[in-house]
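Undergrad: Dumping the structure here so I can ask a few things about it.
The values are calculated or read from the model by the stated rules, or taken from the named source; none is laboratory data. Since the model is a prediction, treat every value here as computed from it, not as a measurement. Cβ: placed from backbone, ideal geometry, glycine included. Neighbour counts: every protein chain shown. SASA here: full protein model, heavy atoms, side chains in, ligands and nucleic acids out. Shrake-Rupley method; radii C 1.70, N 1.55, O 1.52, S 1.80 Å.
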Amino acid sequence: MKSVATLLLVGMLILWTELPTDMRYPRISTWSCPVVRFTCALLNPPNKCYTNWQCPRHTKCCQTFCGRKCISRSSILSYG
């Protein structure tokens, strides 16, 4: 009985390691935030997030023109 449980555990671990990274860590994606070329003049700009974990799925917490906010990959085209 222990050998069956061990075999199942090893099988599950092998399947987990074969998953693409985006499926194992769904909030961490492979695209990066756009480069901010200039910033606003506010001393303490408003931040809507501080880490990716505070953002909805398929978005990242990125530095923008004025503070940090959650942006999606498709919204990068507007920065571009």
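Undergrad: Within segment 13-22, is there a residue that is touching a Ser or Thr at 6+ places or on another chain (Cβ under 9 Å) and either modelled with pLDDT of 90 or more or open to solvent by less than 100 Å² (accessible area, probe 1.4 Å) (or both)? If you could, list the steps in order and put the result at the bottom.
TA: Pass one, segment 13-22, residues touching a Ser or Thr at 6+ places or on another chain (Cβ under 9 Å): 21-22.
Subsequent filtering for residues that are either modelled with pLDDT of 90 or more or open to solvent by less than 100 Å² (accessible area, probe 1.4 Å) (or both) retains 21-22.
Yes - at least one qualifying residue is present in segment 13-22.
Undergrad: Anything in segment 35-70 that is surrounded by fewer than 16 Cβ atoms within 10 Å (Cβ to Cβ) and either without any contact (Cβ under 8 Å) to a residue 12 or more places away in the chain or of a type in the set (D, E, K, R) (or both)? List them, or say none.
TA: VAL35, ARG37, ALA41, LEU43, ASN44, LYS48, THR51, ARG57
Undergrad: Another one. Scan segment 48-65 for residues that are under 14 Å from SER75 (Cα atoms) and either touching a helix residue (DSSP H, G or I) at 6+ places or on another chain (Cβ under 8 Å) or not in a loop (DSSP other than H, G, I, E, B) (or both) and jot them down.
TA: THR59, LYS60, CYS61, CYS62, GLN63, THR64
Undergrad: Going by what's in this entry, would ILE76 be described as among the β-branched types (Val, Ile, Thr), surrounded by 14 or more Cβ atoms within 10 Å (Cβ to Cβ), out of contact with any Gly (no Cβ under 7 Å at 6 or more places or on another chain) and modelled with pLDDT of 80 or more?
TA: Details: among the β-branched types (Val, Ile, Thr): yes; surrounded by 14 or more Cβ atoms within 10 Å (Cβ to Cβ): yes; out of contact with any Gly (no Cβ under 7 Å at 6 or more places or on another chain): yes; modelled with pLDDT of 80 or more: no.
For ILE76, the condition - among the β-branched types (Val, Ile, Thr), surrounded by 14 or more Cβ atoms within 10 Å (Cβ to Cβ), out of contact with any Gly (no Cβ under 7 Å at 6 or more places or on another chain) and modelled with pLDDT of 80 or more - is not met.
Undergrad: Could you check PRO45 against (1) modelled with pLDDT under 65; (2) assigned to a loop (DSSP other than H, G, I, E, B) and say which number it fails?
TA: Every listed condition holds for PRO45 apart from (1).
Undergrad: Also, I was wondering about something else. Given the criteria out of contact with any strand residue (DSSP E or B) (no Cβ under 6 Å at 6 or more places or on another chain) and at pLDDT 85 or above, does PRO34 qualify?
TA: Details: out of contact with any strand residue (DSSP E or B) (no Cβ under 6 Å at 6 or more places or on another chain): yes; at pLDDT 85 or above: yes.
When the stated conditions are applied, PRO34 passes them.
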